[in-house]
Amino acid sequence: MFRPSRIWISQALISFGLFAAAALTGIAGPASAQDRRQNAPGEFDFYVLSLSWSPSYCEEAAERGNNGRSQQIQCGRPYTFVVHGLWPQYERGFPNYCLRPSPRLDRNIMTSMLDVMPAPGLIFAEWDKHGTCSGLGARAYFETIRKARAAVKIPPEYLELAAEKTLAPAEIEEAFIKVNPGLSASAIAVVCGKRRLSEVRICMSKDLQFRACEETDRRACRRDEVVMPPMRGG
């Protein structure tokens, strides 16, 4: 069975900020301090679908000098929003690593997801950290990710971004709300780094309907403006 190297996984984890999730996500800290169901698979309240703005990820990776395989796969192609993950959540806090050791993820499942999650190491890491908390088998969990992604329409102005844009986080939220009936400002959060758009996070019920999530929304980006770098590759 194929398993990625530790270096490969570490690059994906660092690049997507998973080590800093408690600080950046808008999702609260350790589940052990937040919910009595602590890391029981399938015992959670809702999902957060995290969509990463790929050009920001690639610019930040280049600045750090990261040129690993995951970066090469993703950053040589004209991706816009890609799936970072689908994360089970409690109303306060979140579960993680619910099965130790986690069941091995089949390589064929990993490769089937590369069109929406173009970083192999990330896919393995997301299964270990978040997928095992869903209560679903690996194939069903990644099928749920695909369904969640299909339920969210990306605003057309972001699909072929050829030049850098500077926007208020509220403008990005409004663009998503406009093209996604039923999505409200209390169900979406824009996440930023030092100056760039990092991610858009959308809260969904277990049956993948938009729903409010006060904690996630409360911890969204507070900058007046964020930069959206243009698409890369071609």
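Tabulated data for the structure shown
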quantity	calculated
The range 167-220 - accessible surface per residue (Å², probe 1.4 Å)	45 Å²
Proportion of all alpha-carbon pairs of the range 104-232 beyond 19 Å (%)	56 percent
Residue-normalised accessible area of the range 90-156, given per residue in Å² at a 1.4 Å probe	41 Å²
Relative contact order (percent, whole number), the range 108-207, Cα cutoff 8 Å, 6+ residue spacing	14 percent
Accessible carbon and sulfur surface of the range 138-194 relative to its total accessible area, %, 1.4 Å	54 percent
Spatially proximal aspartates and glutamates relative to Lys178 (Cα-Cα < 16 Å; intrachain offsets below 8 disregarded)	Glu157
Charge dipole of the range 139-198 about the Cα centre (unit charges at C-beta), most positive-ward option of Ile177, Tyr141, Leu197	Tyr141
Dipole magnitude of the range 163-210 about its Cα centre (Cβ charges: Lys, Arg +1; Asp, Glu -1), debye to nearest 20	200 debye
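The values are calculated or read from the model by the stated rules, or taken from the named source; none is laboratory data. What you are looking at is a predicted structure, and each value in this text was computed from that prediction instead of being measured. Here Cβ is always computed from backbone atoms with ideal geometry, including for glycine, and neighbour counts include all displayed protein chains. Areas reflect the complete protein model, heavy atoms only, side chains present, ligands, DNA and RNA absent. Shrake-Rupley method; radii C 1.70, N 1.55, O 1.52, S 1.80 Å.
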